[in-house]
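**Q** My structure is below; once you've seen it, I'll send some questions.
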Amino acid sequence: MTGIKIRNLSKIFMLKNKEVPVFDGMNLFVEKQSFVTIVGKSGCGKTTLLRILCGLEEKTGGEVLYMENGRECGKCPKMSIVFQEPRLMPWLTVKENMAFSLENEKDSGKVESTVNKYLKILGLDEFKDAYPSQISGGMAQRVALGRTLCYEPDVILMDEPLGALDAYNRKILQDELIHIFNSCKKTIVFVTHDIEEALYLGQRLIVIDDGEIMEDIDIKENYPRDIHSAKFSRLRGKAMHTIMDSKNKLAVAQ
């Protein structure tokens, strides 16, 4: 067993002196070099989970353990997070934005080769000297992804990174992510509101509601995938039913 083990995770926010629980004893294992997608209604804790994993948010209780061959290794893997907005620095070129994640690297040759490698993988060679204001939204998100890849993390956390894109650019970047996953073998945890996107990308689909895992679906299908096949229609229906059922329960409780 190698990967990230979340055990009895709890998180409570304080709003107007009132405790608002997000997680209460969540357990989840993310296998190394796997592509896990997470869906759920707004406010269910998807983004909070990513923030806890990368250290941007403190957990209230429980443990986040890093496992190697079935044992806790104690060493946190290199992690990076990609947000919905590219968050590029407007005064830097495409190439400079991507190289920014390597600012502590002393070997200029390594910086150059690493950035050029991902410029090529992401099809950004021709735009390396352009500024963020001179490229499209889809291309800007590629640069943000390239910046993360240049850092060469073991784990990539993605918080609805394609949510603001049009359908055409979204499809291109979905296929780009699959290509990167197949070629670089990173561990990817990808949050989205789009069930079809989650099924198209992930090897495993997690449905979260009220801080609990309601469904954990193994997607045993090679890439590329036909999202309109009977199998995926059944999986989409299963995930949607879980989310809708949780919404109905909430309405009854209120």
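**Q** What FRET efficiency, computed as 1/(1 + (r/R0)^6) with R0 = 45 Å and r the Cβ-Cβ distance, is obtained for Asp24 and Ser113, rounded to the nearest 0.05?
**A** Computed FRET efficiency for Asp24 and Ser113 comes out at 0.45.
**Q** Sticking with this one: For Lys238, go through the lysines and keep the ones whose alpha-carbon is under 17 Å away, minus same-chain ones fewer than eight residues off.
**A** Straight-line reach from Lys238, under 17 Å: Lys41, Lys220, Lys247, Lys249.
**Q** Now, a different point. Among Lys117/Lys185; Lys95/Lys186; Lys32/Lys78; Lys95/Lys117, which pairs are too far apart, with a Cα-Cα distance over 18 Å?
**A** Details: Lys117/Lys185 16 Å; Lys95/Lys186 22 Å; Lys32/Lys78 12 Å; Lys95/Lys117 11 Å.
Flagged as over cut-off: Lys95/Lys186.
**Q** Could you pull out every one of the aspartates and glutamates with an alpha carbon less than 12 Å from that of Lys59, ignoring same-chain neighbours closer than 8 positions?
**A** Asp24
**Q** To the nearest 10 degrees, how steep is helix 230-253 against the longest Cα principal axis of the chain, on a 0 to 90 scale?
**A** 60
**Q** Kindly flag which residue pairs out of Lys75/Lys128; Lys5/Lys110; Lys46/Lys171 have an alpha-carbon separation exceeding 25 Å in this structure.
**A** Those over the limit are Lys75/Lys128; Lys5/Lys110.
**Q** Select from the range 70-130 those GluC sites (Glu not before Pro) which occupy a DSSP coil region and have at most 15 other Cβ atoms within 10 Å, ordered by residue number.
**A** On the way: sites: Glu72, Glu96, Glu103, Glu105, Glu112, Glu126; in loops: Glu103, Glu105.
Answer in residue order: Glu103, Glu105.
**Q** Run the accessible area of the chain with a 1.4 Å probe and give the carbon-and-sulfur part as a rounded percent.
**A** Details: 6400 of 13210 Å².
In the chain, the share of accessible area belonging to carbon and sulfur is 48 percent.
**Q** Starting from the amide H of Asp209, placed 1.01 Å from N in the peptide plane, find each other amide H under 5 Å away whose residue is 5 or more places distant or on another chain.
**A** So Asp209 has HN proximity to Met214.
**Q** Estimate the FRET efficiency between Tyr131 and Lys78 by the formula 1/(1 + (r/R0)^6), using the beta-carbon distance for r and 25 Å for R0, to the nearest 0.05. Walk me through the intermediate numbers first.
**A** Details: r = 28 Å, r/R0 = 1.13.
Efficiency, from the Cβ-Cβ distance: 0.30.
**Q** So what is the relative contact order of the chain, in percent, for Cα pairs below 8 Å that sit 6 or more residues apart?
**A** On the way: 435 pairs, mean separation 63.4, N = 254.
Contact order relative to length: 25 percent.
**Q** In whole angstrom, how far apart do the alpha carbon centroids of the range 52-74 and the range 138-183 sit?
**A** If you average the Cα positions of each part, the centres end up 25 Å apart.
**Q** Specify the angular offset, from 0 to 90 degrees and rounded to the nearest 10, of the alpha carbon long axis of helix 167-184 from the longest principal axis of the alpha carbons in the chain.
**A** That helix lies at roughly 80 degrees to the long axis.
The values are calculated or read from the model by the stated rules, or taken from the named source; none is laboratory data. Only a predicted model underlies this, so the values are computations on that prediction, with no experimental measurement involved. Note that each Cβ is placed from the backbone with ideal geometry, even for glycine, and that neighbours are counted across all protein chains shown. Surface areas here come from the heavy atoms of the whole protein model, side chains and all, with no ligands, DNA or RNA. Shrake-Rupley method; radii C 1.70, N 1.55, O 1.52, S 1.80 Å.
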